[in-house]
Amino acid sequence: MTDVTSLADLSLLPVPEAGDATARTQAESGDAVGEQRNRAVEAILSAVQGGESILLVAHVDPDGDSLGSAIALGLALRTLGSRASVSFDSDPFVVPRSLTFLPGQDLLVPPALVPATPDLVVTLDAGSLGRLGALGRVATRARRMVVIDHHASNTRFGDINVIDADAASTSVMITDVIDALGVELDHDLAVAIYTGLVTDTGSFRYAATTPVVHQLAARLLATGIRHDLITRTVWDTHRFGYLRLLGELLGRARLEPEHDLVWTWCAFPDLTRAGLTLDEIEGVIDIVRATAEAEVAVVCKQGADEVWRVSVRSKGAVDVGAVCTELGGGGHRFAAGLTSSNPLEQTLDSLRDALVRAPRLPV
Ligand code: 5GP
Ligand code: MN
(Lines give C-alpha, C1' and ligand atoms only; values in the text may rest on other atoms or scores of the structure.)
(Ligands and ions follow the chains in the order given, each with its own letter.)
Protein backbone atom coordinates (compact mmCIF):
# COMPACT_ATOMS: atom_id res chain seq x y z
CA MET A 1 0.00 0.00 0.00
CA THR A 2 1.22 3.51 -0.72
CA ASP A 3 2.37 5.62 2.20
CA VAL A 4 0.52 8.83 2.70
CA THR A 5 2.90 11.51 1.44
CA SER A 6 3.61 14.05 4.13
CA LEU A 7 3.87 17.71 3.24
CA ALA A 8 7.56 17.59 4.22
CA ASP A 9 8.14 14.94 1.51
CA LEU A 10 6.71 17.19 -1.16
CA SER A 11 9.68 19.56 -0.95
CA LEU A 12 11.95 16.62 -1.80
CA LEU A 13 10.32 15.91 -5.17
CA PRO A 14 12.82 16.43 -8.00
CA VAL A 15 12.22 19.54 -10.09
CA PRO A 16 13.18 19.00 -13.76
CA GLU A 17 15.87 21.41 -14.89
CA ALA A 18 15.52 23.33 -18.12
CA GLY A 19 17.70 21.70 -20.75
CA ASP A 20 17.57 18.18 -19.33
CA ALA A 21 16.47 15.27 -21.49
CA THR A 22 12.82 15.47 -20.41
CA ALA A 23 12.60 19.18 -21.15
CA ARG A 24 14.19 18.68 -24.60
CA THR A 25 11.80 15.91 -25.55
CA GLN A 26 8.87 18.06 -24.51
CA ALA A 27 10.18 21.02 -26.53
CA GLU A 28 10.57 18.82 -29.61
CA SER A 29 7.14 17.33 -29.27
CA GLY A 30 5.91 20.90 -28.69
CA ASP A 31 7.23 21.86 -32.13
CA ALA A 32 5.46 18.89 -33.69
CA VAL A 33 2.22 19.97 -32.00
CA GLY A 34 2.74 23.51 -33.33
CA GLU A 35 3.18 22.19 -36.86
CA GLN A 36 -0.03 20.14 -36.67
CA ARG A 37 -1.83 23.13 -35.18
CA ASN A 38 -0.75 25.29 -38.13
CA ARG A 39 -2.11 22.66 -40.52
CA ALA A 40 -5.37 22.57 -38.56
CA VAL A 41 -5.70 26.37 -38.62
CA GLU A 42 -5.09 26.39 -42.39
CA ALA A 43 -7.75 23.70 -42.92
CA ILE A 44 -10.25 25.61 -40.76
CA LEU A 45 -9.55 28.96 -42.45
CA SER A 46 -9.86 27.46 -45.90
CA ALA A 47 -13.22 25.87 -44.96
CA VAL A 48 -14.46 29.20 -43.56
CA GLN A 49 -13.33 31.12 -46.64
CA GLY A 50 -14.88 28.53 -48.97
CA GLY A 51 -18.23 28.71 -47.13
CA GLU A 52 -17.96 24.98 -46.44
CA SER A 53 -20.01 23.05 -43.88
CA ILE A 54 -18.13 22.69 -40.60
CA LEU A 55 -19.17 20.34 -37.81
CA LEU A 56 -17.55 20.46 -34.37
CA VAL A 57 -17.96 17.26 -32.38
CA ALA A 58 -17.55 16.77 -28.63
CA HIS A 59 -17.24 13.29 -27.11
CA VAL A 60 -20.20 11.18 -25.94
CA ASP A 61 -21.83 12.50 -22.77
CA PRO A 62 -19.61 15.58 -22.98
CA ASP A 63 -17.87 17.17 -20.01
CA GLY A 64 -16.98 20.83 -19.53
CA ASP A 65 -13.74 20.55 -21.47
CA SER A 66 -15.18 18.82 -24.50
CA LEU A 67 -18.34 20.92 -24.81
CA GLY A 68 -16.61 24.13 -23.68
CA SER A 69 -13.91 23.65 -26.34
CA ALA A 70 -16.43 22.86 -29.09
CA ILE A 71 -18.58 25.87 -28.23
CA ALA A 72 -15.54 28.17 -27.97
CA LEU A 73 -14.38 27.15 -31.43
CA GLY A 74 -17.94 27.44 -32.79
CA LEU A 75 -18.27 30.99 -31.42
CA ALA A 76 -14.88 31.95 -32.88
CA LEU A 77 -15.88 30.57 -36.29
CA ARG A 78 -19.14 32.49 -36.13
CA THR A 79 -17.13 35.69 -35.62
CA LEU A 80 -15.30 34.76 -38.84
CA GLY A 81 -18.61 34.38 -40.67
CA SER A 82 -18.98 30.59 -40.60
CA ARG A 83 -22.15 28.77 -39.52
CA ALA A 84 -20.38 25.86 -37.86
CA SER A 85 -22.59 23.52 -35.84
CA VAL A 86 -21.68 21.76 -32.60
CA SER A 87 -22.92 18.26 -31.83
CA PHE A 88 -22.37 15.26 -29.58
CA ASP A 89 -23.90 11.85 -29.07
CA SER A 90 -25.96 11.63 -25.91
CA ASP A 91 -29.28 9.95 -25.24
CA PRO A 92 -31.34 12.09 -24.81
CA PHE A 93 -29.59 14.96 -26.61
CA VAL A 94 -29.44 17.44 -23.75
CA VAL A 95 -26.70 19.60 -22.31
CA PRO A 96 -25.63 18.29 -18.87
CA ARG A 97 -27.33 20.25 -16.08
CA SER A 98 -24.01 21.59 -14.79
CA LEU A 99 -23.18 23.08 -18.21
CA THR A 100 -26.47 24.74 -19.14
CA PHE A 101 -24.93 28.16 -18.42
CA LEU A 102 -22.55 27.80 -21.39
CA PRO A 103 -23.03 30.49 -24.04
CA GLY A 104 -23.53 29.70 -27.72
CA GLN A 105 -26.05 26.90 -27.26
CA ASP A 106 -27.80 28.00 -30.44
CA LEU A 107 -24.84 26.36 -32.20
CA LEU A 108 -26.01 22.94 -30.97
CA VAL A 109 -27.51 20.52 -33.49
CA PRO A 110 -28.69 16.99 -32.55
CA PRO A 111 -26.83 14.13 -34.30
CA ALA A 112 -29.87 13.28 -36.44
CA LEU A 113 -29.81 16.78 -37.98
CA VAL A 114 -26.10 17.31 -38.71
CA PRO A 115 -24.95 17.43 -42.35
CA ALA A 116 -24.62 13.83 -43.61
CA THR A 117 -21.26 14.53 -45.25
CA PRO A 118 -19.73 17.67 -43.76
CA ASP A 119 -16.79 19.28 -45.56
CA LEU A 120 -14.84 19.61 -42.34
CA VAL A 121 -15.22 17.89 -38.98
CA VAL A 122 -13.21 19.01 -35.95
CA THR A 123 -13.33 16.69 -32.93
CA LEU A 124 -12.62 18.08 -29.47
CA ASP A 125 -11.29 16.15 -26.47
CA ALA A 126 -12.02 12.69 -27.96
CA GLY A 127 -9.24 10.11 -27.65
CA SER A 128 -10.63 7.73 -30.25
CA LEU A 129 -13.27 7.54 -32.97
CA GLY A 130 -15.40 5.39 -30.66
CA ARG A 131 -15.64 8.31 -28.22
CA LEU A 132 -17.73 10.18 -30.81
CA GLY A 133 -20.46 7.52 -30.56
CA ALA A 134 -22.86 7.59 -33.51
CA LEU A 135 -21.17 10.76 -34.82
CA GLY A 136 -18.07 8.67 -35.57
CA ARG A 137 -19.75 7.55 -38.81
CA VAL A 138 -20.44 11.15 -39.87
CA ALA A 139 -16.86 12.12 -39.01
CA THR A 140 -15.37 9.40 -41.21
CA ARG A 141 -17.60 10.55 -44.11
CA ALA A 142 -16.32 14.15 -43.85
CA ARG A 143 -13.99 15.36 -46.58
CA ARG A 144 -11.48 16.27 -43.87
CA MET A 145 -11.21 15.49 -40.19
CA VAL A 146 -9.16 17.48 -37.68
CA VAL A 147 -8.62 15.93 -34.24
CA ILE A 148 -7.75 18.28 -31.35
CA ASP A 149 -7.11 16.51 -28.07
CA HIS A 150 -4.85 16.16 -25.04
CA HIS A 151 -5.19 12.44 -24.26
CA ALA A 152 -1.89 10.53 -24.43
CA SER A 153 -3.96 7.51 -25.50
CA ASN A 154 -5.24 9.34 -28.62
CA THR A 155 -5.37 6.98 -31.60
CA ARG A 156 -4.73 9.74 -34.20
CA PHE A 157 -7.90 8.97 -36.13
CA GLY A 158 -8.06 12.25 -38.13
CA ASP A 159 -6.39 13.57 -41.27
CA ILE A 160 -4.76 16.22 -39.10
CA ASN A 161 -4.08 15.32 -35.47
CA VAL A 162 -3.22 18.05 -32.99
CA ILE A 163 -2.44 16.03 -29.87
CA ASP A 164 -0.72 17.59 -26.87
CA ALA A 165 -0.64 15.25 -23.89
CA ASP A 166 1.06 18.02 -21.87
CA ALA A 167 -1.89 20.39 -22.27
CA ALA A 168 -4.01 20.71 -19.12
CA SER A 169 -7.21 20.77 -21.15
CA THR A 170 -8.37 20.72 -24.76
CA SER A 171 -9.64 24.25 -24.09
CA VAL A 172 -6.02 25.43 -23.61
CA MET A 173 -5.24 24.07 -27.08
CA ILE A 174 -8.38 25.65 -28.55
CA THR A 175 -7.25 29.03 -27.22
CA ASP A 176 -4.06 28.70 -29.30
CA VAL A 177 -6.16 27.84 -32.36
CA ILE A 178 -8.49 30.81 -31.74
CA ASP A 179 -5.48 33.13 -31.33
CA ALA A 180 -4.03 31.80 -34.59
CA LEU A 181 -7.38 32.40 -36.31
CA GLY A 182 -7.06 36.03 -35.21
CA VAL A 183 -10.29 36.09 -33.20
CA GLU A 184 -10.33 38.26 -30.08
CA LEU A 185 -11.05 36.51 -26.76
CA ASP A 186 -14.34 38.05 -25.65
CA HIS A 187 -16.47 37.31 -22.58
CA ASP A 188 -18.43 34.39 -24.07
CA LEU A 189 -15.35 32.70 -25.46
CA ALA A 190 -13.70 33.14 -22.08
CA VAL A 191 -16.63 31.48 -20.27
CA ALA A 192 -16.44 28.42 -22.53
CA ILE A 193 -12.65 28.15 -22.32
CA TYR A 194 -12.55 28.70 -18.55
CA THR A 195 -15.16 25.96 -18.10
CA GLY A 196 -12.83 23.48 -19.83
CA LEU A 197 -9.88 24.70 -17.79
CA VAL A 198 -11.61 24.46 -14.44
CA THR A 199 -13.10 21.04 -15.29
CA ASP A 200 -9.88 19.36 -16.36
CA THR A 201 -7.56 20.85 -13.72
CA GLY A 202 -10.01 20.00 -10.91
CA SER A 203 -10.20 23.73 -10.12
CA PHE A 204 -6.44 24.24 -10.58
CA ARG A 205 -5.46 21.40 -8.24
CA TYR A 206 -4.05 18.70 -10.54
CA ALA A 207 -0.40 18.39 -11.58
CA ALA A 208 -1.21 19.67 -15.09
CA THR A 209 -1.82 23.11 -13.55
CA THR A 210 1.27 24.82 -14.98
CA PRO A 211 2.23 28.52 -15.12
CA VAL A 212 0.69 28.53 -18.63
CA VAL A 213 -2.64 27.47 -17.09
CA HIS A 214 -2.59 30.29 -14.55
CA GLN A 215 -1.53 32.80 -17.22
CA LEU A 216 -4.46 31.73 -19.38
CA ALA A 217 -6.80 31.90 -16.38
CA ALA A 218 -5.63 35.47 -15.73
CA ARG A 219 -6.28 36.39 -19.36
CA LEU A 220 -9.79 34.87 -19.19
CA LEU A 221 -10.63 36.57 -15.89
CA ALA A 222 -9.57 39.91 -17.39
CA THR A 223 -12.59 39.66 -19.76
CA GLY A 224 -14.83 40.03 -16.72
CA ILE A 225 -16.19 36.48 -16.45
CA ARG A 226 -17.90 35.42 -13.21
CA HIS A 227 -15.44 32.62 -12.48
CA ASP A 228 -16.98 32.12 -9.03
CA LEU A 229 -20.38 31.34 -10.56
CA ILE A 230 -18.85 29.06 -13.21
CA THR A 231 -16.98 27.03 -10.57
CA ARG A 232 -20.00 26.86 -8.29
CA THR A 233 -22.23 25.62 -11.11
CA VAL A 234 -19.72 23.12 -12.50
CA TRP A 235 -18.60 21.64 -9.16
CA ASP A 236 -20.78 22.72 -6.28
CA THR A 237 -24.42 22.66 -7.33
CA HIS A 238 -26.57 19.56 -6.91
CA ARG A 239 -30.22 18.69 -6.56
CA PHE A 240 -31.24 17.47 -3.10
CA GLY A 241 -31.59 13.87 -4.36
CA TYR A 242 -27.83 13.87 -4.87
CA LEU A 243 -27.13 14.16 -1.16
CA ARG A 244 -29.11 11.01 -0.39
CA LEU A 245 -27.62 9.08 -3.30
CA LEU A 246 -24.10 10.22 -2.43
CA GLY A 247 -24.63 8.93 1.11
CA GLU A 248 -25.68 5.54 -0.29
CA LEU A 249 -22.79 5.27 -2.75
CA LEU A 250 -20.19 6.27 -0.14
CA GLY A 251 -21.78 3.96 2.44
CA ARG A 252 -21.30 0.96 0.18
CA ALA A 253 -17.73 1.81 -0.92
CA ARG A 254 -15.27 -1.09 -0.59
CA LEU A 255 -11.63 -0.82 0.39
CA GLU A 256 -9.45 -3.65 -0.99
CA PRO A 257 -5.97 -3.23 0.51
CA GLU A 258 -4.69 -6.26 -1.44
CA HIS A 259 -5.40 -4.39 -4.67
CA ASP A 260 -4.57 -0.93 -3.28
CA LEU A 261 -8.09 -0.10 -4.47
CA VAL A 262 -11.20 1.69 -3.25
CA TRP A 263 -14.39 1.50 -5.26
CA THR A 264 -18.10 1.96 -5.32
CA TRP A 265 -20.91 1.69 -7.82
CA CYS A 266 -24.19 3.23 -8.85
CA ALA A 267 -26.60 0.91 -10.66
CA PHE A 268 -29.15 2.50 -12.99
CA PRO A 269 -32.08 1.84 -10.61
CA ASP A 270 -30.17 3.72 -7.85
CA LEU A 271 -29.97 6.69 -10.17
CA THR A 272 -33.61 6.65 -11.23
CA ARG A 273 -34.77 6.20 -7.62
CA ALA A 274 -32.90 9.42 -6.79
CA GLY A 275 -34.42 11.10 -9.87
CA LEU A 276 -30.95 11.98 -11.18
CA THR A 277 -29.07 11.59 -14.45
CA LEU A 278 -25.59 10.14 -15.08
CA ASP A 279 -23.90 13.50 -15.55
CA GLU A 280 -25.01 14.54 -12.06
CA ILE A 281 -22.89 11.87 -10.34
CA GLU A 282 -19.66 12.66 -12.20
CA GLY A 283 -18.16 14.22 -9.05
CA VAL A 284 -18.52 11.10 -6.87
CA ILE A 285 -15.09 9.89 -7.99
CA ASP A 286 -13.52 13.05 -6.56
CA ILE A 287 -14.73 12.11 -3.09
CA VAL A 288 -13.86 8.40 -3.39
CA ARG A 289 -10.35 9.15 -4.65
CA ALA A 290 -9.59 11.09 -1.47
CA THR A 291 -9.24 7.77 0.41
CA ALA A 292 -5.76 7.79 1.96
CA GLU A 293 -5.39 4.01 2.10
CA ALA A 294 -5.77 3.33 -1.63
CA GLU A 295 -3.68 4.29 -4.65
CA VAL A 296 -6.48 3.67 -7.15
CA ALA A 297 -10.11 4.77 -6.92
CA VAL A 298 -12.94 3.51 -9.11
CA VAL A 299 -16.59 4.46 -9.55
CA CYS A 300 -18.79 2.31 -11.80
CA LYS A 301 -21.90 4.08 -13.10
CA GLN A 302 -24.58 2.20 -15.02
CA GLY A 303 -26.59 3.91 -17.75
CA ALA A 304 -30.11 3.18 -19.04
CA ASP A 305 -28.43 0.98 -21.66
CA GLU A 306 -27.11 -1.20 -18.78
CA VAL A 307 -23.55 -0.37 -19.86
CA TRP A 308 -21.11 0.52 -17.06
CA ARG A 309 -19.16 3.76 -17.33
CA VAL A 310 -16.09 3.26 -15.18
CA SER A 311 -14.13 6.24 -13.82
CA VAL A 312 -10.61 5.40 -12.64
CA ARG A 313 -8.16 7.66 -10.81
CA SER A 314 -4.69 7.12 -9.37
CA LYS A 315 -2.49 9.17 -7.09
CA GLY A 316 0.55 8.88 -9.37
CA ALA A 317 2.01 5.40 -8.83
CA VAL A 318 -0.12 3.65 -11.46
CA ASP A 319 -0.69 4.73 -15.06
CA VAL A 320 -4.45 4.14 -15.10
CA GLY A 321 -4.61 5.61 -18.64
CA ALA A 322 -2.55 2.64 -19.84
CA VAL A 323 -4.64 0.24 -17.72
CA CYS A 324 -7.91 1.56 -19.18
CA THR A 325 -6.53 1.60 -22.73
CA GLU A 326 -5.64 -2.09 -22.32
CA LEU A 327 -9.28 -2.73 -21.37
CA GLY A 328 -10.65 -0.85 -24.37
CA GLY A 329 -11.02 2.56 -22.68
CA GLY A 330 -8.54 5.42 -22.44
CA GLY A 331 -7.72 8.70 -20.75
CA HIS A 332 -4.84 10.39 -19.00
CA ARG A 333 -2.13 8.83 -16.85
CA PHE A 334 -3.90 9.53 -13.57
CA ALA A 335 -7.53 10.06 -14.70
CA ALA A 336 -9.01 7.57 -17.11
CA GLY A 337 -12.09 5.53 -17.85
CA LEU A 338 -13.68 2.75 -19.79
CA THR A 339 -17.10 1.42 -20.70
CA SER A 340 -18.14 -2.18 -20.15
CA SER A 341 -21.19 -4.17 -21.19
CA ASN A 342 -20.16 -7.00 -18.84
CA PRO A 343 -21.75 -7.45 -15.41
CA LEU A 344 -20.27 -5.34 -12.60
CA GLU A 345 -18.25 -8.10 -10.92
CA GLN A 346 -16.70 -9.22 -14.20
CA THR A 347 -15.86 -5.63 -15.10
CA LEU A 348 -14.13 -5.16 -11.76
CA ASP A 349 -12.29 -8.46 -12.03
CA SER A 350 -10.69 -7.46 -15.33
CA LEU A 351 -9.78 -4.12 -13.79
CA ARG A 352 -8.23 -5.78 -10.70
CA ASP A 353 -6.21 -8.13 -12.97
CA ALA A 354 -4.96 -5.25 -15.11
CA LEU A 355 -4.07 -3.20 -12.02
CA VAL A 356 -2.05 -6.07 -10.53
CA ARG A 357 -0.06 -6.33 -13.80
CA ALA A 358 0.44 -2.56 -14.14
CA PRO A 359 4.00 -1.40 -13.40
CA ARG A 360 4.46 0.93 -10.44
CA LEU A 361 5.70 4.39 -11.35
CA PRO A 362 8.13 6.35 -9.17
CA VAL A 363 6.13 8.91 -7.23
P1 5GP B 1 -14.25 10.36 -16.45
O2 5GP B 1 -13.94 9.34 -15.42
O3 5GP B 1 -14.17 11.76 -15.89
O4 5GP B 1 -15.49 10.09 -17.22
O5 5GP B 1 -13.09 10.27 -17.52
C6 5GP B 1 -11.73 10.42 -17.19
C7 5GP B 1 -10.92 10.47 -18.46
O8 5GP B 1 -10.96 9.22 -19.13
C9 5GP B 1 -11.43 11.52 -19.46
O10 5GP B 1 -10.31 12.11 -20.06
C11 5GP B 1 -12.22 10.70 -20.46
O12 5GP B 1 -12.19 11.28 -21.72
C13 5GP B 1 -11.51 9.35 -20.43
N14 5GP B 1 -12.49 8.26 -20.63
C15 5GP B 1 -13.54 7.96 -19.83
N16 5GP B 1 -14.23 6.90 -20.31
C17 5GP B 1 -13.59 6.52 -21.44
C18 5GP B 1 -13.84 5.48 -22.41
O19 5GP B 1 -14.77 4.69 -22.32
N20 5GP B 1 -12.96 5.42 -23.45
C21 5GP B 1 -11.91 6.29 -23.58
N22 5GP B 1 -11.11 6.16 -24.66
N23 5GP B 1 -11.67 7.27 -22.70
C24 5GP B 1 -12.48 7.39 -21.64
MN1 MN C 1 -10.24 17.10 -21.51
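The values are calculated or read from the model by the stated rules, or taken from the named source; none is laboratory data. In this text the structure is predicted, and so the values were computed from the model without any measurement. Cβ atoms come from the backbone with ideal geometry, glycine included; neighbour counts cover every protein chain shown. Heavy atoms of the whole protein, side chains included, go into the accessibility calculation; ligands, DNA and RNA do not. Shrake-Rupley method; radii C 1.70, N 1.55, O 1.52, S 1.80 Å.
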* To do: Using per-residue counts of other Cβ atoms within 10 Å, averaged over each peptide, order 135-145, 64-74, 248-258 from highest down.
  => 64-74, 135-145, 248-258
* Taking H as built 1.01 Å from N, whose amide H comes closer than 5 Å to the amide H of residue 123, not counting residues under 5 places away? -> 57, 146, 147, 148
* Listed residues 150, 238 arranged by accessible area, highest first, probe 1.4 Å -> 238, 150
* Asked: If one computes the Cα centroid of the stretch 314-333 and of the stretch 186-233, what distance in Å separates the two points?
  -> 26 Å
* Net length gained if the chain between residue 184 and residue 141 were fully extended (0.36 nm per residue, minus Cα distance) -> 12.3 nm
* To do: Work out which helices of the chain, taken as complete DSSP H runs, extend at least 27 Å along their axis over the Cα atoms and score a mean Kyte-Doolittle of -0.5 or more, then list them.
  => 21-49
* What net charge is computed for the residues neighbouring residue 270, neighbours being all others with C-beta under 14 Å from the C-beta of residue 270, Lys and Arg scored +1, Asp and Glu -1? -> +2
* Label the stretch 7-235 by shape, choosing from rounded, prolate and oblate, from the square roots a ≥ b ≥ c of the eigenvalues of the Cα gyration tensor; if a/c is under 1.5 it is rounded, and otherwise prolate applies when a/b is larger than b/c, oblate when it is not. => prolate
* **Those trypsin sites (Lys or Arg not before Pro) in the stretch 177-230 that DSSP places in a loop and that have at most 14 other beta carbons within 10 Å** => 205, 226
* Sum up the charges of everything whose Cβ sits under 12 Å from the Cβ of residue 117, counting Lys and Arg as +1 and Asp and Glu as -1, but leave residue 117 out. => +2
* Highest average packing first - 30-36, 78-84, 123-129, Cβ atoms within 10 Å -> 123-129, 78-84, 30-36
* Structure fact -> Taking every other residue with Cβ under 9 Å from the Cβ of residue 309 and scoring Lys and Arg +1, Asp and Glu -1, one gets 0
